[in-house]
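Let me begin by presenting the structure, written as structure tokens, before commenting on it.
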Amino acid sequence: MLITLKNILKMAESKDMAIAAFNVTSLEGVLAVIEAAEDEDTPVILQFANAAHSKYISLEDIGRVMVAFADRSKVPVCVHLDHGNNFDEIKRALDLGFTSIMYDGSELSLKQNIANTKYAKILADEYGASIEAELGSMGTEGENENILGAYTDPEVARVFVNETGIDALAASFGTVHGIYKSRPNLDFDIISGIRKLCGIPVVMHGGSGISDSDFKKCIDCGVRKINYYTYAAKYAGDAIKDMIKDKNGNIYSHDILVEIRRNMVKTYKETIRVFKNTQK
Ligand SMILES: [Zn+2]
């Protein structure tokens, strides 16, 4: 069934866990996320990062698939726009039936980020949808030489959350998007500080490549949504490499798609289990 971000994060809160938010770029990805979540009997967030992934599939094409499968799922599923950075794509996602949007104004001044996030919230409210926004900048490994300078300040976060009324805050505390070149250095005090001063769920971006023990610490400090994509896509790619190596003769596209889906289900189930945070 379809559910908003606000309500799915309430479920996470009551169980001291984080909800996995998996980016999808294909039908196989959508099927894999739903299958993994249903097998684990756990709510999940299906999300699409239009700015980064529209080169693979359009928001309209994947969005309709996401909403249809979320709607008929046996577990609660939130359909979310990841890193929305203009009002046009936010409106398009809401028109498609997305139950949540992210507005990413992290590269703007605080004043402009607040103003734009407020407007994005008005749009989301019109559809009964939730909103995540970002403060501080995660960046992508290799692009951001001085990541430390972009960590989220909990005091500024308090002002941002009070002014905008958002449902969840994407904060920067040492994670980056993509593949890590060096061991991530996470600042758990930032998560605890935001939770204490803002009282809303914290979102971790760049969840690929974090150790299970660091995931646990982040969740214990108040992270309730974790975005995970890159490594799942890489593992599925590795599985195809192995498949081609093992195979003599013809290779068919349908076999490749089935193998991608099978591999993604495995990764997503393992990830969901870690985020459930059941080992105390
Ligand atoms: Zn992100």
**Message:** Among the residues in the stretch 52-60, are any among the small types (Gly, Ala, Ser), over 28 Å from Arg273 (Cα atoms) and over 13 Å from the mean Cα position of the chain (by Cα)?
**Reply:** yes
**Asked** Name the pairs: first residue in the stretch 250-270 and without any contact (Cβ under 8 Å) to a residue 24 or more places away in the chain, second residue open to solvent by 40 Å² or more (accessible area, probe 1.4 Å), Cβ to Cβ under 7 Å, at least 6 apart or on different chains?
**Response** Ile251/Ile244
**Message:** For the stretch 47-59, which positions are more than 15 Å from the ligand (Cβ to nearest atom) and open to solvent by less than 50 Å² (accessible area, probe 1.4 Å)?
**Reply:** Ile57, Ser58, Leu59
**Complete:** Scanning the stretch 198-251 for residues that are of a type in the set (Val, Ile, Thr) and within 16 Å of the ligand (Cβ to nearest atom) gives Val202, Val203, Ile210, Val223, Ile226, Thr230
**Message:** Against the condition modelled with pLDDT under 95, assigned to a loop (DSSP other than H, G, I, E, B), at negative phi and among the basic types (Lys, Arg), how does Lys245 come out, does it pass?
**Reply:** no
**Message:** Quick test for you: out of Ser182, Ser208, pick the one residue that is among the hydroxyl-bearing types (Ser, Thr, Tyr) and open to solvent by 50 Å² or more (accessible area, probe 1.4 Å).
**Reply:** Ser182
**Request:** Please specify each residue of the stretch 70-108 satisfying the condition of being touching a helix residue (DSSP H, G or I) at 6+ places or on another chain (Cβ under 8 Å), open to solvent by 40 Å² or more (accessible area, probe 1.4 Å) and farther than 22 Å from Lys10 by Cα.
**Result:** Asn85, Phe87, Lys91, Arg92, Leu108
**Message:** Criterion first (part of a helix (DSSP H, G or I), open to solvent by 60 Å² or more (accessible area, probe 1.4 Å) and closer than 17 Å to Asn23 by Cβ) does Arg261 satisfy it?
**Reply:** yes
**Message:** One residue is enough: does the stretch 63-85 have a residue meeting the conditions at pLDDT below 95 and assigned to a loop (DSSP other than H, G, I, E, B)?
**Reply:** yes
**Selection status of Lys234, closer than 30 Å to Ile190 by Cβ, open to solvent by 10 Å² or more (accessible area, probe 1.4 Å), assigned to a helix (DSSP H, G or I) and in contact (Cβ under 8 Å) with a residue 60 or more places away in the chain** = no
**Prompt:** When you go through Glu107, Glu126, Glu89, Glu60 one by one, which is the residue that is modelled with pLDDT under 95 and among the charged types (D, E, K, R)?
**Reply:** Glu107
**Complete:** Across the stretch 115-135, the tally of residues that are in contact with a Gly (Cβ under 8 Å, 6 or more places away or on another chain) and open to solvent by less than 20 Å² (accessible area, probe 1.4 Å) stands at 4
**Prompt:** Looking at (1) away from the ligand (no atom under 16 Å from the Cβ); (2) of a type outside the set (Ser, Thr, Tyr); (3) open to solvent by 10 Å² or more (accessible area, probe 1.4 Å); (4) within 17 Å of the chain's Cα centre (by Cα), can you tell me which one Arg64 breaks?
**Reply:** (4)
**Message:** Out of everything in the stretch 248-275 that is of a type in the set (D, E, K, R) and modelled with pLDDT of 95 or more, what residue ends up being farthest from Ser14 (Cα to Cα)?
**Reply:** Glu259
**Fill in**
Flagged in the stretch 43-62 as assigned to a strand (DSSP E or B) and in contact with a helix residue (DSSP H, G or I) (Cβ under 7 Å, 6 or more places away or on another chain), in numbering order, are Val44, Ile45, Leu46, Phe48
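The values are calculated or read from the model by the stated rules, or taken from the named source; none is laboratory data. Quantities reported herein were computed from a predicted structural model and do not represent experimental measurements. Please note: Cβ atoms are built from the backbone with ideal geometry, for glycine as well, and neighbour counts cover all protein chains shown. These area figures cover heavy atoms from the full protein model, side chains too; ligands, DNA and RNA do not enter into them. Shrake-Rupley method; radii C 1.70, N 1.55, O 1.52, S 1.80 Å.
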